[in-house]
Amino acid sequence: MSETRFETIKKRPFGASIAVLMALLLGYLLLWPVPFDPVAGPARAGNPAGSGIFVKNNKLATSDMLVTGIGPEAVAFDKQGRLYSGLTNGDIIRFGANGDKQVLANTGGRPLGLKFDAAGNLVIADAKKGLIAMAPNGDIVALATHHNGVRMKFVDDLAIAKDGKIYFSDASARYEYGHDILEVFEFRPSGRLMVFDPESGALDVLLDNLYFANGVALSRQEDFVLVNETYGHRVLRYWLRGPNAGTSDVFVDNMPAYLDNITSAPDGGFWLAGVAPRTDALDALVTRPFARKVVWRLMQLTGANPAEMHSYAIKLSAQGAPLTSLEDDSGHIYMMTSVFEHDGKLYLGSLINEAVGVIDAP
């Protein structure tokens with residue numbers, strides 16, 4: 001047998017193996033089952049990032065860092081001015097006047113939004129445990145865990161009115177905390193804005209079918225309540241009083257980020273937290289359910305994550321007009337979930353960072 005003939009025989013099995021591997025890879029990307037049933041979402045308007053008030057900056061990169069532990073999603077301050085937060089491991093922590101950190105309790109879940117009620121109880125939106133409250137002595141009690149006999153899967157954020165009613169979001173009725181990325185790949189809206197009355201025990205749904213219901217905030221006059229749609233890049237307004245009571249409209253739309261929490265600002269406006277930026281590639285996937293399946297399979301194969309480390313703190317007027325945007329894509333402040341203004345400072349929470357950012361309010 002000639003040397004050339006022998007080399008040809010060796011090459012054919014190798015080439016056939018490559019062809020088989022490529023066929024298997026293509027079959028996996030196109031046909032392998034996925035754990036969601038996607039539908040086409042509404043087409044996205046042009047991303048405003050890079051224009052107007054959203055001209056790129058890294059102003060948040062100058063933030064000081066208050067080390068907390070992993071995942072200080074939100075912050076709250078008591079009447080003594082002490083800072084509280086909740087961590088990924090369930091801990092509720094407090095910083096004293098001397099800066100010492102103290103663990104007060106553990107919810108056994110994942111505390112997200114935090115607000116104090118008039119009696120000094122820390123009301124907690126816990127993704128796993130529901131709407132709960134921690135008394136000043138550290139005891140934790142459940143306030144609302146089920147609606148119409150069905151457990152709420154993903155209680156996310158809250159705001160408390162002067163009459164004691166608690167407005168809160170149940171981010172998804174389909175996927176629990178830790179599996180919520182499936183919500184954006186499926187794009188079947190199931191989030192809810194809800195209200196709980198501690199006096200009567202009544203629990204009602206104000207809005208449903210939301211694209212991942214997230215941050216919640218009340219207006220200064222408490223005539224409306226706001227809720228963020230993370231995957232809709234917008235904020236909805238539900239009217240509580242006045243001629244439009246019981247109806248909803250869009251407060252602000254077409255934001256450049258995936259929105260997380262929203263908080264009331266001292267001047268009557270609001271602070272929006274953008275946890276990650278919109279991109280043209282992600283916007284294009286909204287109307288393409290089959291492409292989302294392929295991207296999901298590719299993520300499982302490679303471990304890649306399409307979310308970029310670029311955070312936004314967006315100031316809105318009381319009427320919903322965007323006024324300023326503070327950003328960071330340096331990796332200093334990342335996966336930022338909340339912006340809370342207190343005594344001239346902005347406190348910046350994070351889903352996975354190990355610290356709360358602190359910077360002068362503009």
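The values are calculated or read from the model by the stated rules, or taken from the named source; none is laboratory data. Since the model is a prediction, treat every value here as computed from it, not as a measurement. Every residue, glycine among them, receives a Cβ derived from its backbone with ideal geometry; neighbour counts consider all protein chains shown.
Yes/no matrix, rows are residues, columns are (1) assigned to a strand (DSSP E or B); (2) within 21 Å of the chain's Cα centre (by Cα); (3) in contact (Cβ under 8 Å) with a residue 40 or more places away in the chain; (4) under 25 Å from Gly50 (Cα atoms):
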{"position": "Tyr231", "(1), (2), (3), (4)": "no, yes, yes, yes"}
{"position": "Val235", "(1), (2), (3), (4)": "yes, yes, yes, yes"}
{"position": "Gly246", "(1), (2), (3), (4)": "no, no, no, no"}
{"position": "Phe251", "(1), (2), (3), (4)": "yes, yes, yes, yes"}
{"position": "Ile262", "(1), (2), (3), (4)": "yes, yes, yes, yes"}
{"position": "Pro266", "(1), (2), (3), (4)": "no, no, yes, no"}
{"position": "Leu272", "(1), (2), (3), (4)": "yes, yes, yes, yes"}
**From Gly120, Gly130, residue being touching a residue at least 24 places away in the same chain (Cβ under 8 Å) and either in contact with an Asp or Glu (Cβ under 8 Å, 6 or more places away or on another chain) or polar (S, T, N, Q) (or both)** = Gly120
**Message:** Tally up the residues in segment 305-327 that are farther than 14 Å from Leu282 by Cα, small (Gly, Ala, Ser) and in a loop (DSSP other than H, G, I, E, B), please.
**Reply:** 4
**Asked** Which of (1) surrounded by 15 or more Cβ atoms within 10 Å (Cβ to Cβ); (2) part of a loop (DSSP other than H, G, I, E, B); (3) among the charged types (D, E, K, R) does Arg192 not meet, given it meets every other one?
**Response** (2)
**Message:** Just to be sure before I move on: is Phe168 within 30 Å of Asn47 (Cβ to Cβ), in contact with a helix residue (DSSP H, G or I) (Cβ under 7 Å, 6 or more places away or on another chain), modelled with pLDDT of 95 or more and not β-branched (Val, Ile, Thr) in the structure I sent?
**Reply:** no
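Of a type in the set (Val, Ile, Thr) and touching a Pro at 6+ places or on another chain (Cβ under 9 Å): does that describe Ile181?
On the way: of a type in the set (Val, Ile, Thr): yes; touching a Pro at 6+ places or on another chain (Cβ under 9 Å): no.
Judged against the criteria, Ile181 is not a match.
When you look at Gly178, is it part of a loop (DSSP other than H, G, I, E, B), touching an Asp or Glu at 6+ places or on another chain (Cβ under 7 Å) and of a type outside the set (A, V, I, L, M, F, W, C), yes or no?
So Gly178 fails the test.
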**Fill in**
Of the residues in segment 133-177, those that are touching a residue at least 12 places away in the same chain (Cβ under 8 Å), under 15 Å from Thr107 (Cα atoms) and polar (S, T, N, Q) come to Thr145
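Search segment 209-229 for residues being charged (D, E, K, R) and either free of Cβ contacts under 8 Å to residues at least 60 places away in the same chain or part of a strand (DSSP E or B) (or both), and hand back the single one that is surrounded by the fewest Cβ atoms within 10 Å (Cβ to Cβ).
Narrowing segment 209-229 to residues charged (D, E, K, R): 220, 222-223, 229.
In the following step, the residues that additionally are either free of Cβ contacts under 8 Å to residues at least 60 places away in the same chain or part of a strand (DSSP E or B) (or both) were identified as 223, 229.
Values: Asp223: 14, Glu229: 24.
Restricting to residues being charged (D, E, K, R) and either free of Cβ contacts under 8 Å to residues at least 60 places away in the same chain or part of a strand (DSSP E or B) (or both), the top hit is Asp223.
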**Asked** Of the residues in segment 29-81, how many are of a type in the set (Asp, Glu) and either modelled with pLDDT under 95 or not in a loop (DSSP other than H, G, I, E, B) (or both)?
**Response** 2
